[in-house]
1. Sort out which residues of region B:32-56 are out of contact with any strand residue (DSSP E or B) (no Cβ under 8 Å at 6 or more places or on another chain) and within 11 Å of another protein chain (Cβ to nearest Cβ), and write them in order of number.
2. Considering each residue of region B:128-153, count those that are outside any loop (DSSP other than H, G, I, E, B) and either surrounded by fewer than 24 Cβ atoms within 10 Å (Cβ to Cβ) or at positive phi (or both), and give that number.
3. At pLDDT 90 or above and surrounded by 14 or more Cβ atoms within 10 Å (Cβ to Cβ) - does that describe any residue in region B:10-30?
4. Restricting attention to region B:112-129, does a residue exist that is within 14 Å of another protein chain (Cβ to nearest Cβ), more than 30 Å from B:GLU74 (Cα to Cα) and touching a Lys or Arg at 6+ places or on another chain (Cβ under 6 Å)?
5. Can you name every one of the strands (runs of 3 or more DSSP E) wholly within region A:117-206 that holds 2 or more residues which are free of Cβ contacts under 8 Å to residues at least 40 places away in the same chain and touching a Pro at 6+ places or on another chain (Cβ under 8 Å)?
6. Filter region B:135-161 down to residues that are under 24 Å from B:ALA30 (Cβ atoms) and within 14 Å of chain A (Cβ to nearest Cβ) and give me whichever is nearest to the chain's Cα centre (by Cα).
7. Given the criteria among the charged types (D, E, K, R), under 18 Å from the mean Cα position of the chain (by Cα), surrounded by fewer than 21 Cβ atoms within 10 Å (Cβ to Cβ) and part of a loop (DSSP other than H, G, I, E, B), does B:ARG116 qualify?
8. Are any of the residues in region B:223-245 closer than 14 Å to B:ALA132 by Cα and away from every other protein chain (no Cβ under 11 Å)?
Amino acid sequence: MSPDTDFAPTRGFTGRARAADRDPRLPPGQYDARDGWPVLSAEVTPELAAADWTFRVDGLVASPRTWTWDEAHALPASEYRGDIHCVTSWSKFGVRFGGASLDSFLAAAGPLPGATHVVAYSHTGYTTNLPLADVTGGKAWIVWEYEEGPLPAEHGGPARLIVPHLYFWKSAKWVAGLRLLDHDEPGFWEQNGYHHRGDPWAEERYSGD
Amino acid sequence: MTDTLRTPGGFVPPSRFAVPGRIAVSNRAAATWQRATVLEIRRETPAVSTFRLKVPEWQGHLPGQHLMLRLTAEDGYVAQRHYSIASAPDGSGEIELTLDHVPGGEVSGHLHTVARVGDTVEVRGPLSGFFAWPGDRPALLLGAGSGVVPLMSMVRHHRAAGLDLPLRLVVSARTRQDLIYAAEYAEETTAVLTRAEGRLNAAHLAPFLGAEGQPEGGWEAYVCGSNGFAEHASRLLVAGGQPVDRIRIERFG
């Protein structure tokens, strides 16, 4: 058994991308997926029409609220331009997602002082946990556009959560709501062996990392 | 207020998909890199080979689980990928991976063209409990291409453990030459050769779905392959009446 710092060279392996010209945007252990955008959902892609999509914020908030598609679109537009990173080791540079900042939704619901964590959940039933601090202050979005078009269903359309500074399993597809809690509560992948937080730069991939 | 939010099973959203993992996953095994030695390399099809690895401290796996494999260059540059485990758990400290030779693939390319018996690589795992099959429920397995790999681990386990539970495998490949493990399939398997007979369709699944096709308690369905196959096969299952919360999907991105 070798600790992570003690690398064991593999005979004859040189690597396609040399360490020297490794793109600084690439977190450790990741590779550039370039034009690809792998789909890695565990569940059947739901047939969810925009007209049937809703987004709810409840739990430890002053006023629990549910937004319809049109109500969500009436919030100030906000976009993310940057990189995304999947725990299965691909990264994708310079993508654009358009939607609304999660801050807009949270401001309307009014988090209570005791709220420390959230469970984000999907219309499919998928869940993922996040510290509240990781989804506030301009770090998270509810998005319905990818590049200049609608977000494809297999990538979470009509709308998904985007938390780009964490591994992408935190960016719940087909997002249905956010429940604010005063404790951390592991979600779907976190109960299946993945790390509770998932920072790509710290390589927080699996429980125990 | 806090107590009302802290429900025993955690927060469960109001929907049909809330598939629990099948097993608890060992944090230690998942977090530790181990040295593995290549014991054998076996050609399966023109583009697919099986690599048998000795992993001295392997803690065991369940069919359907995967691992992460990494290669390290002399200067410390590393490349790592997830691969499904092909072999049944047998306590031997040896496991098998079956890999497509992906054109331009950095890791699979090395393993297919440079690696030889006696080389070492590093692995961590087994990882993830979601796609694992402990052999406790009737299993309907749908796979295409190298998507059959984790499903074959289930078939092998079913045989080796002498399980009575119903298990069916529907495997899709372009031609017989592309069919991985072709010589190992028996009456549990339906092979769909797409160049000759077209894509997997409802008729292939009809014998296993509906009132007559379902075993007692219903199937746990496992779907594995490219995203295109996974989308298509999972829709066929849903259209055939398989509950969405009894469908587990592993997509090879």
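The values are calculated or read from the model by the stated rules, or taken from the named source; none is laboratory data. Treat the numbers as computed from the prediction; the structure is a model and nothing was measured. Cβ placement follows ideal geometry from the backbone for every residue including glycine, while neighbour counts extend to all protein chains displayed.
1. The initial filter retains those residues of region B:32-56 that are out of contact with any strand residue (DSSP E or B) (no Cβ under 8 Å at 6 or more places or on another chain), namely B:45-46.
Result: no residue meets the conditions.
2. As a first pass, look at region B:128-153 and keep what is outside any loop (DSSP other than H, G, I, E, B): B:139-153.
Then drop every residue that is not either surrounded by fewer than 24 Cβ atoms within 10 Å (Cβ to Cβ) or at positive phi (or both), which leaves B:145.
Summing the residues that are outside any loop (DSSP other than H, G, I, E, B) and either surrounded by fewer than 24 Cβ atoms within 10 Å (Cβ to Cβ) or at positive phi (or both) in region B:128-153 gives 1.
3. Taking region B:10-30 and keeping what is at pLDDT 90 or above, we get none.
The answer is no; no qualifying residue exists.
4. Looking only at region B:112-129, we keep the residues that are within 14 Å of another protein chain (Cβ to nearest Cβ), and these are B:112-129.
Checking the rest, the ones that are also more than 30 Å from B:GLU74 (Cα to Cα) come to B:128-129.
Narrowing further to those that are touching a Lys or Arg at 6+ places or on another chain (Cβ under 6 Å): B:129.
The answer is yes; a qualifying residue exists.
5. On the way: elements: A:117-122, A:127-131, A:141-146, A:160-162, A:175-181.
Answer list for region A:117-206: none.
6. Looking at the filtered set, the residue picked out is B:PRO150.
7. Details: among the charged types (D, E, K, R): yes; under 18 Å from the mean Cα position of the chain (by Cα): no; surrounded by fewer than 21 Cβ atoms within 10 Å (Cβ to Cβ): yes; part of a loop (DSSP other than H, G, I, E, B): yes.
No.
8. First, pick out the residues of region B:223-245 that are closer than 14 Å to B:ALA132 by Cα: B:223-224.
Among the residues that remain, those that are also away from every other protein chain (no Cβ under 11 Å) are: B:224.
Checking region B:223-245: at least one residue is closer than 14 Å to B:ALA132 by Cα and away from every other protein chain (no Cβ under 11 Å).
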